[in-house]
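Data first, discussion second: the structure below is written as structure tokens.
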Amino acid sequence: MRATINGKDVEIEEKDKDKKLLTYLREDLRLTGAKNGCDTGACGACTILIDEKPVKSCIKKVSDMVGKSVITIEGMSDEEGNIHPLQQSFLDHGAIQCGFCTPAMVLTAHAFLLKNSSPSRDEIRKAIKPNLCRCTGYQQIIDAVEAAAAFYRSDSQS
């Protein structure tokens, strides 16, 4: 069994297929960006992308990613280790306070902007709704996503 995680081909052992995906990512692969906030899929802190769709990894099994492409927040940087323009926009707009929800919020926004690079503020609000943030009040996050949309509209987006 194999999956592509952050651009790298990963062999998944049979013994791991029924593990909780969040646990596997954090403990086995040491990809700690996804957080365990509720363990029930309600808060969104564990969100990763599977085939460019937001997935709450606390309620999925390792077997759910077999044969698929997975992106965690660790996979958002470029080959040189530079942060993604969306992450920079979060920094620039004060959309990070405690940081607990940030990896999931960035990934959810990334998946959304890949599909809609000219969103309204209301569309952004709806897109990030599955992710709870207890610090920012969401306005800075909406501002960051709105500003980053220009990057997704440009020819530099791959």
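The values are calculated or read from the model by the stated rules, or taken from the named source; none is laboratory data. Here the structure is a predicted model, which means the values were calculated and not measured. Glycine also receives a Cβ, built like all others from the backbone with ideal geometry; neighbour counts cover every protein chain displayed. Surface accessibility is based on the protein's heavy atoms, side chains included, excluding ligands, DNA and RNA. Shrake-Rupley method; radii C 1.70, N 1.55, O 1.52, S 1.80 Å.
Scanning the range 14-37 for residues that are over 13 Å from Lys60 (Cα atoms) and either part of a helix (DSSP H, G or I) or modelled with pLDDT under 95 (or both) gives Glu14, Lys15, Arg26, Glu27, Asp28, Gly37. Being touching a residue at least 40 places away in the same chain (Cβ under 8 Å), under 20 Å from Cys58 (Cβ atoms) and β-branched (Val, Ile, Thr) is the filter here; which residues of the range 1-13 pass it? Those that are touching a residue at least 40 places away in the same chain (Cβ under 8 Å), under 20 Å from Cys58 (Cβ atoms) and β-branched (Val, Ile, Thr): Ile5, Ile12. Screening the range 47-158 for helices (runs of 4 or more DSSP H) wholly inside it with 1 or more residues that are touching a Lys or Arg at 6+ places or on another chain (Cβ under 8 Å) and more than 22 Å from Leu25 (Cα to Cα) returns the ranges 139-153. When Thr136, Thr72, Thr108, Thr47 are screened for being of a type in the set (Val, Ile, Thr), farther than 22 Å from Ser154 by Cα, crowded, with 16+ Cβ neighbours inside 10 Å and touching a Pro at 6+ places or on another chain (Cβ under 6 Å), only Thr47 passes.
Just one of the listed residues (Ser118, Ser89) is modelled with pLDDT of 95 or more, crowded, with 21+ Cβ neighbours inside 10 Å, more than 29 Å from Thr40 (Cβ to Cβ) and touching a helix residue (DSSP H, G or I) at 6+ places or on another chain (Cβ under 9 Å), namely Ser89. Which of the residues spanning the range 68-82 are under 25 Å from Met1 (Cβ atoms) and among the hydroxyl-bearing types (Ser, Thr, Tyr)? Ser69, Thr72 - these are the residues of the range 68-82 that are under 25 Å from Met1 (Cβ atoms) and among the hydroxyl-bearing types (Ser, Thr, Tyr). Condition check for Thr40 on (1) polar (S, T, N, Q); (2) open to solvent by 60 Å² or more (accessible area, probe 1.4 Å); (3) within 23 Å of Ala147 (Cβ to Cβ): one failure, at (3).
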